[in-house]
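The values are calculated or read from the model by the stated rules, or taken from the named source; none is laboratory data. These numbers were taken from a predicted model, which means no experiment stands behind them. Here Cβ is always computed from backbone atoms with ideal geometry, including for glycine, and neighbour counts include all displayed protein chains.
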Amino acid sequence: MHPCRKAGFLLVLGLLGLPALATDVAILRNGFTIRHESRAPLGETTRLFLTADGSSFVDVPTAEIVEIDMNVGPPPEPEKADPPAGAPPAPPNLKPMPPVAGSAAAPVPVAQPKAATPIDLSHTVNAAGERYRLDPDFINSVIHAESGFKVHAVSPKGAQGLMQLMPQTASKLGVPNAFDPEANVDGGTRYLRELLEKYNFDLVKALAAYNAGPHRVDQYHGVPPYRETRHYVASIVRDFNRKKLAQQKVAKTASAKAQAPQQAPTQSKAKATRSAKPVSPGTQTAAQRAPASTTSQSAAP
């Protein structure tokens, strides 16, 4: 993220502190514009509310906002046919109620905002992993590096959602709404699977292609010499390996606890009778001869 000039940065902060009296437009450094109803600074990011009730919003790095074009008014609506003379105007997206006898017009229902449906991200990731035969821990590591698990995340380059799909990539994957968690995770996981197959399940090349694009990986015959891409690949591999090592440690501890009750009676009996044959220093028990179990899990089978 490149720092803004001091004057421009102060101008943006000053504008962010003002209430949005009408529809405003945020102009980003990359040329994108986001029309919004209101906004609120949240540390180094700014939340742009796309609807008046605040049910839909986008978090954008504050340093990427170049200018706020205020009071531009709502977007132009398509032309509609004039209603019949004397008919009451119907509210948007609602059908007019039939008139009731003895009254000029029926009461107009008030549209209530829909409550946001909670998303079980764990179930979503597990389902996508099973569908495309990828380790859910690997998918979670990618999501952590891409968006920090923020459903409405938008990158300075325009990537959207949990797995940061670019609009053209989302279109090719058949994802109509990149901010839909289930559609985003499904599309991103499918894309990861395609990249793994393209590079013969070379995890490093597949991750580099997900970040910088397959054409860059093909051009440099491996990870491109970009600091961002190399840090991206290393952070995901490190996070994924950390999870697997933790799982192996838990499994090893559980196995040791399960074997302890079986060994205790044998030791007690030997002490009571004092008839057990002593073990010489060069002799190993069955438990000592058994190698420690190591389980290696890959991102894809």
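Could you list, in sequence order, all residues of the stretch 9-45 that are assigned to a loop (DSSP other than H, G, I, E, B) and modelled with pLDDT of 50 or more?
Looking only at the stretch 9-45, we keep the residues that are assigned to a loop (DSSP other than H, G, I, E, B), and these are 17-23, 29-32, 37, 43-44.
The answer is A22, T23, R29, N30, G31, F32, E37, G43, E44.
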Worksheet item: Before we move on, is K257 touching a residue at least 40 places away in the same chain (Cβ under 8 Å) and not small (G, A, S)?
Response: no
Worksheet, complete the sentence: Flagged in the stretch 208-226 as more than 14 Å from L196 (Cα to Cα) and under 22 Å from the mean Cα position of the chain (by Cα), in numbering order, are A212
Response to the item:
Within the stretch 183-196, restricting to residues that are charged (D, E, K, R) and under 21 Å from R230 (Cα atoms), the one that is surrounded by the most Cβ atoms within 10 Å (Cβ to Cβ) is R193
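Working carefully through the options L245, L203, find the one that is crowded, with 17+ Cβ neighbours inside 10 Å and not small (G, A, S). Please lay out each step first, then the result.
Details: L245 fails: crowded, with 17+ Cβ neighbours inside 10 Å.
Only one candidate passes the filter, namely L203.
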Fill in: Residue list for the stretch 147-173, restricted to those being touching a strand residue (DSSP E or B) at 6+ places or on another chain (Cβ under 8 Å) and closer than 17 Å to H231 by Cβ
S147, P156, A159, Q164
